[in-house]
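K.L.:
First the structure, then my questions, so here it is.
The values are calculated or read from the model by the stated rules, or taken from the named source; none is laboratory data. This structure is a prediction, so every number in the text was calculated from the model and none was measured. All Cβ positions, even for glycine, are placed from backbone atoms using ideal geometry, and neighbour counts span all protein chains on display. What goes into the accessible areas is simple: the full protein's heavy atoms, side chains included, and nothing from ligands, DNA or RNA. Shrake-Rupley method; radii C 1.70, N 1.55, O 1.52, S 1.80 Å.
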Protein chains: 2
Amino acid sequence: MEKNVGILAIDIYFPPACVQQEALETHDGASKGKYTIGLGQDCMSFCTEVEDVISMSLTVVTSLLEKYGIDPKQIGRLEVGSETVIDKSKSIKTFLMQIFEKYGNTDIEGVDSTNACYGGTAALFNCVNWVESNSWDGRYGLVVCTDSAVYAEGPARPTGGAAAIAMLIGPDAPISFESKLRGSHMSHVYDFYKPNLASEYPVVDGKLSQTCYLMAVDSCYKNFCHKFQKFQGKQFSLFDAEYFVFHSPYNKLVQKSFARLFFNDFLMNSSSADEVAKEKLGPFATLSGDESYQSRDLEKASQLLAKPLYDQKVQPTTLIPKQVGNMYTASLYAAFASLIHNKHSTLVNVLTTIYDQASSQQCFVLSNEYLHFSIFRQVRG
Amino acid sequence: MEKNVGILAIDIYFPPACVQQEALETHDGASKGKYTIGLGQDCMSFCTEVEDVISMSLTVVTSLLEKYGIDPKQIGRLEVGSETVIDKSKSIKTFLMQIFEKYGNTDIEGVDSTNACYGGTAALFNCVNWVESNSWDGRYGLVVCTDSAVYAEGPARPTGGAAAIAMLIGPDAPISFESKLRGSHMSHVYDFYKPNLASEYPVVDGKLSQTCYLMAVDSCYKNFCHKFQKFQGKQFSLFDAEYFVFHSPYNKLVQKSFARLFFNDFLMNSSSADEVAKEKLGPFATLSGDESYQSRDLEKASQLLAKPLYDQKVQPTTLIPKQVGNMYTASLYAAFASLIHNKHSTLVNVLTTIYDQASSQQCFVLSNEYLHFSIFRQVRG
């Protein structure tokens with residue numbers, strides 16, 4: 001079986017148009033800092049009337065192939081993750097076939113994967129599995145995540161955004177996956193969905209959705225730690241990974257999620273926690289799950305304690321998500337691209353865990369990845 | 001890597017309500033035989049107001065797990081193929097999670113695959129690749145194809161139908177795939193799509209769609225034959241497979257498709273054709289691709305010549321599709337289930353090629369499969 005299958009190259013496209021969250025606060029008559037500090041966001045990109053998820057995906061695929069000198073005939077699988085459904089039957093992937101047909105390549109497997117924001121990660125895993133399977137024919141896989149997040153007027157509107165990401169997949173990749181160390185959590189919840197097919201807006205229960213996110217963080221992390229223990233023979237803690245990359249509906253939720261992992265670590269191994277942690281988090285150790293999701297005091301205490309680790313292990317991943325906004329399927333990989341951008345010179349044999357989320361409710365502590373900055377050089381020329 | 005990964009068990013559900021095509025002819029004021037002989041269909045199942053693609057998929061998954069005594073905790077991946085999109089964000093897969101959550105199993109990968117009728121085959125390949133990949137954790141994969149095909153009043157309406165299929169995936173399967181022998185064809189065409197999101201009806205250009213189907217049959221077959229030659233070292237012809245299983249929008253198109261393969265064989269190896277074939281098909285050998293798709297004379301001649309082979313190699317696969325109608329993603333596997341039903345006692349080490357299609361335009365000569373009737377016994381108990 002092929003070894004070190006993973007990401008050979010990444011490219012990102014986001015629309016040139018954006019609105020400053022500070023200006024949006026003023027426009028919406030919201031209190032100053034509600035979007036910038038409250039949500040932790042700086043800007044929000046959006047598609048004007050001349051672009052959409054299809055044009056963004058065409059742009060990013062063309063750009064990746066050109067930048068890295070990839071012959072379109074060398075693509076054997078193309079997977080699209082998106083929840084911006086613009087046709088209920090024809091896939092976005094078929095639009096992208098225009099790029100390959102003119103080179104005579106119509107023998108390309110793969111379709112669109114739909115499951116809220118998690119569709120992109122599903123598409124990525126499909127590509128990786130393909131390269132590791134008997135069906136692999138030696139060509140590259142290509143994953144495209146493309147979404148335009150638009151909300152009805154109201155509190156959710158500042159959590160929009162738009163972008164497309166393309167990733168080239170193959171063996172001997174600088175970014176590869178520890179496939180056995182994946183924890184998933186999927187359940188049937190109505191926190192975020194798009195049942196009004198004629199509308200581009202989702203139906204969203206913000207409070208429930210946030211709780212679902214945190215519950216799934218817990219569940220995936222426990223799952224992941226269990227597998228880490230099983231395969232590596234030792235307990236996992238936040239100190240075992242250099243970086244944590246999160247799906248980012250808005251930055252504040254990423255902060256809360258990392259704090260939640262910190263609290264999980266405390267619960268799993270409270271005896272070895274330092275005295276400050278024992279004092280600050282001890283009182284919350286007996287809360288039920290539900291109580292703990294509702295406790296503002298716990299949230300504050302764990303965020304404060306986790307802050308130094310957050311600045312070191314998460315903050316470098318937040319650049320693009322804070323500037324572009326929520327990108328749904330592309331969000332996690334935009335955070336990942338931010339990490340590569342910020343830390344490229346030091347990213348050699350670094351262990352990273354990444355976490356994706358989909359409302360209604362699938363989540364992921366994806367795995368560990370070994371990063372080498374040779375990522376881009378390896379596929380050039 | 002795991003060997004002989006494929007289908008361990010199949011279950012099918014279709015709605016109890018159906019209309020006889022003969023009665024529909026009368027109701028529509030169509031000429032007698034237009035739907036029964038012209039389309040080759042007997043009945044058409046449909047969902048009444050108490051069921052839909054979700055309820056059908058819940059039924060078929062529950063049924064398969066019960067029939068074959070599969071513990072819901074033993075499912076590690078669940079993939080759904082459908083083009084009956086009822087939510088643009090929340091996947092059908094999350095609804096199915098209800099079955100597994102109550103057994104404490106929320107660690108299940110997989111999402112919905114969307115690409116017209118081909119989504120089911122894409123979901124199947126994803127599951128097979130997963131079992132062959134590093135990510136496989138030893139549990140079963142489960143593929144669900146579920147669709148309700150409904151058309152606006154007019155000529156396409158009698159080509160509707162509804163069903164759900166579930167397939168259990170794992171190693172050492174009685175039905176396994178020759179993964180290297182797959183030919184795909186995907187291109188960007190507007191023959192069948194669902195851009196009116198608020199409507200359950202597709203936009204369909206029937207004539208173009210039929211031509212697309214036949215063009216894709218040609219392209220996939222050439223692709224498949226090329227790979228067969230490469231890996232098996234000999235030319236493929238219709239005599240090399242016991243059965244041919246087709247995606248069936250309506251039976252007449254299956255007849256035409258098989259005749260098209262017959263014509264392909266003639267073109268690839270006309271010197272060894274018998275005298276009758278030379279006389280009847282020779283005059284069409286110089287037609288351009290476009291001309292050949294339009295030629296009614298070619299269609300008639302090749303159907304007549306292919307008829308004895310059709311009766312032997314295709315007819316046993318048409319039982320359910322003729323009785324239930326078009327099932328979109330489930331269509332191909334309903335045809336396959338028909339073959340198992342009709343020929344079970346003789347299906348030992350039999351080579352079968354199967355062909356799936358998606359409008360707008362992905363197609364497939366899937367592969368060869370080795371069938372053993374032990375399929376059901378192997379997973380019982």
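K.L.:
Among A:LEU305, A:VAL85, A:TYR201, whose Cα sits farthest toward the positive end of the charge dipole of chain A (+1 at Cβ of Lys/Arg, -1 at Cβ of Asp/Glu, about the Cα centre)?
P.N.:
Most positive-ward Cα: A:LEU305.
K.L.:
Using a 1.4 Å probe, what is the accessible area per residue for chain A, in Å²?
P.N.:
In whole numbers, chain A has 37 Å² accessible per residue.
K.L.:
What does the convex hull of the alpha-carbon atoms of chain B project to on average, in nm²?
P.N.:
Reported value for the Cα convex hull: 19.0 nm².
K.L.:
Leaving ligands and nucleic acids out of the surface, order B:ILE86, A:ILE165 by accessible area at 1.4 Å, largest first.
P.N.:
B:ILE86, A:ILE165
K.L.:
Given a 1.4 Å probe and heavy atoms of the protein chains only, how would you sort B:LYS300, A:LYS102, B:LYS194, A:LYS252, largest accessible area at the top?
P.N.:
A:LYS102, B:LYS300, A:LYS252, B:LYS194
K.L.:
Which FRET efficiency, nearest 0.05, do B:VAL19 and A:LYS3 yield, Cβ-Cβ r, R0 45 Å?
P.N.:
My answer for the efficiency is 0.20.
K.L.:
Given contacts defined as C-alpha pairs under 8 Å and at least six residues apart, what's the relative contact order of chain B, whole-number percent?
P.N.:
About 25 percent, as a whole number.
K.L.:
If you don't mind, there's one more thing I want to ask. Points 7 angstrom from Cα along the Cβ direction at B:ASP205 and A:LYS180: gap in nanometres?
P.N.:
If labels sit at B:ASP205 and A:LYS180, their model points lie 5.3 nm apart.
K.L.:
What is the range B:183-379 by shape, rounded, prolate or oblate, if you read a ≥ b ≥ c off the alpha carbon gyration tensor as root eigenvalues and call it rounded for a/c under 1.5, prolate for a/b larger than b/c, and oblate otherwise?
P.N.:
Because a/c hits 1.5 or more and a/b fails to exceed b/c, the range B:183-379 counts as oblate.
K.L.:
In square angstrom, rounded to the nearest 10, how much accessible surface does B:HIS247 have for a 1.4 Å probe?
P.N.:
Using a 1.4 Å probe on the heavy atoms, I get roughly 0 Å².
K.L.:
A follow-up question, please. Magnitude of the Cβ-charge dipole of the range A:183-379, K/R +1 and D/E -1, about the Cα centre, nearest 20 debye? Walk me through the numbers on the way to the answer.
P.N.:
Working: 18 positive and 17 negative charges, 64 e Å.
In total the dipole reaches around 300 debye.
K.L.:
Just want the answer: with Cβ charges of +1 for Lys and Arg and -1 for Asp and Glu, which residue in A:ASN134, A:PHE244, A:ASN326 is farthest toward the dipole's positive end in chain A?
P.N.:
Most positive-ward Cα: A:PHE244.
K.L.:
Can you give me the distance in nm between label points at A:HIS341 and A:LYS222, each placed 7 Å from the Cα along the Cα-to-Cβ direction?
P.N.:
Inter-label distance under the simple model: 3.7 nm.
K.L.:
Now, a different point. For chain B, what does the helix formula give at 222 nm: sum of -39500 (n - 2.57) over DSSP H segments with n ≥ 4, over the residue count, nearest 500 deg cm²/dmol?
P.N.:
Mean residue ellipticity at 222 nm (helix-derived): -12000 deg cm²/dmol.
K.L.:
Then there is this: Assigning unit charges at the beta carbon (Lys, Arg +1; Asp, Glu -1) and nothing else, what dipole magnitude in debye, to the nearest 20, does the range A:6-173 show about its Cα centre?
P.N.:
Dipole about the Cα centre, nearest 20: 60 debye.
K.L.:
With +1 on each Lys and Arg Cβ and -1 on each Asp and Glu Cβ, how big is the dipole of the protein assembly as shown about its Cα centre, in debye rounded to the nearest 20?
P.N.:
Values: 66 positive and 82 negative charges, 215 e Å.
Dipole of the protein assembly as shown, to the nearest 20 debye: 1040 debye.
K.L.:
Principal axes first, then extents: for the Cα atoms of the range A:173-295, list largest minus smallest coordinate on each axis, whole Å, largest first.
P.N.:
Taking the Cα atoms of the range A:173-295, the three principal extents are 54, 44, 24 Å.
K.L.:
Considering only the label points, 7 Å along Cα→Cβ from Cα, what distances in nm to one decimal separate B:GLU279 from the same position in each other copy, shortest first?
P.N.:
Distances to the matching label points in the other copies: 10.4 nm.
K.L.:
What's the buried accessible area, both sides, between A and B using a 1.4 Å probe, rounded to 100 Å²? Present the calculation step by step, with values, prior to reporting the outcome.
P.N.:
On the way: alone 16680 and 16710 Å², together 28020 Å².
Using a 1.4 Å probe, the pair buries roughly 5400 Å².
K.L.:
Okay, moving on. Among bridges DSSP assigns within the range A:183-379, what percent are antiparallel (round to 5)?
P.N.:
Antiparallel: roughly 80 percent of the beta bridges in the range A:183-379.
K.L.:
At 1.4 Å probe size, with the rest of the protein present, what percent of the exposed accessible area of the range A:183-379 is carbon and sulfur atoms?
P.N.:
Numbers: 4130 of 7900 Å².
Percent of accessible area from carbon and sulfur atoms in the range A:183-379: 52.
K.L.:
What FRET efficiency would be calculated for the residue pair A:LYS307, A:VAL50, taking the C-beta separation as r and a Förster radius of 41 Å, to the nearest 0.05?
P.N.:
That gives a FRET efficiency of 0.45.
K.L.:
Output the Kirkwood hydrodynamic radius of the range B:6-173, Cα pairs only, in Å rounded to one decimal. Mind dumping the intermediate values first?
P.N.:
Details: mean 1/r = 0.0587 Å⁻¹.
Result for the range B:6-173 stands at 17.0 Å.
K.L.:
Here's a follow-up. How about A:LYS67: which aspartates and glutamates have a C-alpha closer than 14 Å to its C-alpha, ignoring those fewer than 8 places off in the same chain?
P.N.:
A:ASP11
K.L.:
Leaving ligands, DNA and RNA out of it, work out the accessible area of B:VAL276 with a 1.4 Å probe and give it in Å² to the nearest 10.
P.N.:
Roughly 80 Å² of B:VAL276 is accessible to a 1.4 Å probe.
K.L.:
Counting only other chains, and only Cβ atoms inside 10 Å, what mean value do you get across the residues of A:214-224?
P.N.:
Mean partner-chain Cβ count within 10 Å for A:214-224: 1.
K.L.:
Also: Normalising by the residue count of the range B:183-379, find the relative contact order in percent from Cα pairs under 8 Å and 6+ residues apart. Display every interim value, and only then the final one.
P.N.:
On the way: 282 pairs, mean separation 64.5, N = 197.
Relative contact order here is 33 percent.
K.L.:
May I ask you to rank A:ARG296, B:ARG260 by accessible area, largest first, using a 1.4 Å probe over the protein chains only?
P.N.:
A:ARG296, B:ARG260
K.L.:
Under a cut-off of 24 Å between alpha-carbon atoms, report the lysines in cross-link reach of A:LYS34, not counting same-chain residues fewer than 8 places apart.
P.N.:
Straight-distance partners of A:LYS34: A:LYS207, A:LYS252, A:LYS256, A:LYS300, A:LYS307, A:LYS322.
K.L.:
Once Rh is set to the Kirkwood radius over Cα pairs, what Stokes-Einstein translational diffusion coefficient, in µm²/s, holds for the protein assembly as shown at a temperature of 37 °C and a viscosity of 0.692 mPa s?
P.N.:
Answer, rounded: 123 µm²/s.
K.L.:
Follow-up question, since we're still on this one. Of all DSSP beta bridges located in the protein assembly as shown, what percent are antiparallel, nearest 5?
P.N.:
Here the share of antiparallel DSSP bridges comes out near 75 percent.
K.L.:
What average number of partner chain Cβ atoms lie no more than 10 Å from the Cβ of the residues making up B:186-197?
P.N.:
Per-residue shielding by partner chains comes out at 6.
K.L.:
Applying 1/(1 + (r/R0)^6) with R0 = 45 Å to the Cβ-Cβ distance of B:LYS32 and B:LYS73, what FRET efficiency is obtained, to the nearest 0.05?
P.N.:
Calculated transfer efficiency: 0.25.
K.L.:
Report, for B:VAL19, each distance to the same residue's label point in the other copies, shortest first and in nm; define the point 7 Å along Cα→Cβ.
P.N.:
B:VAL19 label point versus its equivalents elsewhere: 4.7 nm.
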